[in-house]
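Inspection log for the structure reproduced underneath, given as structure tokens.
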Amino acid sequence: MWGNIAIAFLLAFIVALMATPYTIKIAGKVGAVDIPKDKRRMHKKAMPKFGGPAVILGFLVSVIYLIIVMSIEGSIFLFDSDEYGKKLLGFFLGIIVIAITCIIDDIKTIKPIAKLAGQLVAAIIAVSFGIRISDIDIPYFAVSDLGEMLQIIITIIWIVGVTNAINLIDGLDGLSSGITAISSVSLLIIFILNGSPAIAVVLITALTGALVGFLPFNFAPAKTFIGDTGSNFLGYAISIISILGIAKTYTAVVIVLPIIVLGLPIFDTLWAIIRRLIKGKSIKAVFKADKGHLHHRIVRMGFSQKQAVLILYGISASFGLFAIILFDSGIWKALSFLLMVIAAIALGYKNFKRDKSTDERFECVECKYIYNPKFGNEKAGVKPGTSFDDLPDNWVCPVCGEGKDMFEIHEE
């Protein structure tokens, strides 16, 4: 097993590392470049956003090679009762759908509803080829066998939900790729401890290797972005691999582990949906981008972009370690670990926070209104000398009515 893990990681790592410079060149030729047209974006210059194909290539080369080799040597069986051959075919076909949809989006930009349609088609393909969340035995609820329709609905929601969770957290250099890599390592450890199928171990290891090969080009200061092609692929892949890794396990603890491991992007996405629904009061508002994501809020607290990414890496790693300890040692040790982490952060985080002057001004990204703490906003009952952070959460721009999450530090 360890030899296969080493091969899966190294082959994916090398292919992604070697392929990424080519995708940077291709990005300029096909127009897959992110130009900061609005101040919602955190970068200030045009940036290639075509790193996804390099990650996909590294992953597929590694996985396909090992599937062939392991099938020949008889360490995996693709056409037995588990039907992993059929499931992998559905997985790969879904990757093609995701890649085509998102490459078009990276080059031409398509509407969010069209991208969602592509995600749904990819999820439906995976489900139709036998990838299902089923046979869950949850204590006290006596759910030992989900009906076929419920299996299909839950699986599609999980795949589309995780795909969007990784996509939406892709807002800073190296953020989505790094968090997915950390989550993948956590799932790999859980799969090994759980005795999960060899194919799931190979898939999650190859995904980790491809991401580690890409990260040198994506971590701040980034040379390229992973793009929608990459972030959608990451979410789609990790959602399906997590299903394959726990598919034959009948304990509630193992079933919730992927949710815990992916807790950061899942929470951020759920909060974004709730926030946008409350603010926009319509389903359409869910698709409207804002600056209320966790990484935006951390930057507004005074941390640099690189510090924000490292903080979120730490949170993601803590979720992963919590899941591993929960599985291996039980709830009490896991909770005590989490409390120690929270205590350490509470005691020391201010030492890493960038000092912000009391008169630092913030600009609305929509109408360009600038809030100056020196003058406050007396019409709205805000006294002079009130810092932006001290404004009420329901405070809105006096010009256009946008909320605090659409403001950013004004640069002279």
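Bear in mind that the values in this text are calculations on the coordinates, not laboratory data. These figures come from a predicted structure and were not determined experimentally. When we count neighbours, we look across all protein chains shown, and the Cβ atoms used for this are built from the backbone with ideal geometry, even at glycine.
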By how many degrees, between 0 and 90 and to the nearest 10, does the Cα long axis of helix 331-348 differ from the longest principal axis of the chain?
30
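Subtract the Cα-Cα distance of F79 and D390 from 0.36 nm times their separation in residues, and report this length gain in nm to one decimal.
Going from the current span to full extension adds 105.8 nm.
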Going through the cross-link list K49/K223; K108/K404; K49/K108; K87/K108, which pairs have a Cα-Cα distance over 21 Å in this structure?
K108/K404; K87/K108
Please find, in a Gaussian network model of the chain (springs between Cα atoms separated by less than 10 Å), the residue of I98, I26, I226 whose mean-square fluctuation is greatest.
I26
Mind pulling the angle between the C-alpha long axis of helix 52-73 and the longest principal axis of the chain? Nearest 10 degrees, somewhere in 0 to 90.
20
I'd like the Kirkwood hydrodynamic radius of the chain, using the inverse of the mean 1/r over distinct C-alpha pairs, in Å.
22.6
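List L257, L294 from most exposed to least, where exposure is judged by having the fewest other Cβ atoms within 10 Å.
By the 10 Å Cβ count, ascending, the order reads L294, L257.
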With 5 Å bins from zero, work out the P(r) of the stretch 362-409 over every alpha carbon pair and list the percent per bin.
5, 24, 38, 26, 6
The chain - charge dipole about Cα centre, Lys and Arg +1 at Cβ, Asp and Glu -1, debye rounded to 20
1260
Excluding T23 itself, what net charge comes from residues whose Cβ is under 13 Å from its Cβ, given Lys and Arg +1 and Asp and Glu -1?
+3
Set Lys and Arg Cβ to +1 and Asp and Glu Cβ to -1, take the dipole of the chain about its Cα centre, and tell me which of L321, I189, A117 lies farthest positive.
A117
For the chain, with a Gaussian network of springs between Cα atoms less than 10 Å apart, report the residue from V69, V97, V309 with the top mean-square fluctuation.
V69
Evaluate E = 1/(1 + (r/R0)^6) for M18 and V341, where r is the Cβ-Cβ distance and R0 equals 51 Å; express this FRET efficiency to the nearest 0.05.
0.85
Return the Rg/Rh value of the stretch 71-230, two decimal places, where both radii are evaluated on C-alpha atoms and Rh is the Kirkwood radius.
0.99
Taking θ as phi - 60°, what are the ³J(HN,Hα) couplings along the stretch 5-14 by the Karplus curve (6.51, -1.76, 1.60), each to the nearest whole Hz, with x for Gly and Pro?
5, 4, 5, 4, 5, 5, 5, 5, 4, 5
Would you list Y371, Y313 from fewest to most Cβ contacts within 10 Å?
Y313, Y371
Give me the one-decimal nm value for the distance between modelled label points at K25 and K374, 7 Å along each residue's Cα-to-Cβ direction.
5.2
PRE reach from I409 (point 7 Å along Cα→Cβ): which of the stretch 309-337 fall under 18 Å by backbone N?
309-312
Do the sum for the chain: with -39,500 (n - 2.57) for every DSSP H run of n ≥ 4, divided by all residues, what is the mean residue ellipticity at 222 nm, to the nearest 500 deg cm²/dmol?
-21000 deg cm²/dmol
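In which sequence would M70, M406 go, from the one with the fewest C-beta neighbours within 10 Å to the one with the most?
Fewest to most other Cβ atoms nearby, the residues stand as M70, M406.
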GNM of the chain, Cα pairs under 10 angstrom: of E402, E366, E378, the biggest fluctuation goes to E378
Treating the angle as unsigned and between 0 and 90°, give the value, to the nearest 10°, between the Cα long axis of helix 198-218 and the longest Cα principal axis of the chain.
30
Taking amide hydrogens as modeled 1.01 Å from N in the peptide plane, which residues meet the under 5 Å criterion relative to V33, leaving out close sequence neighbours?
K49
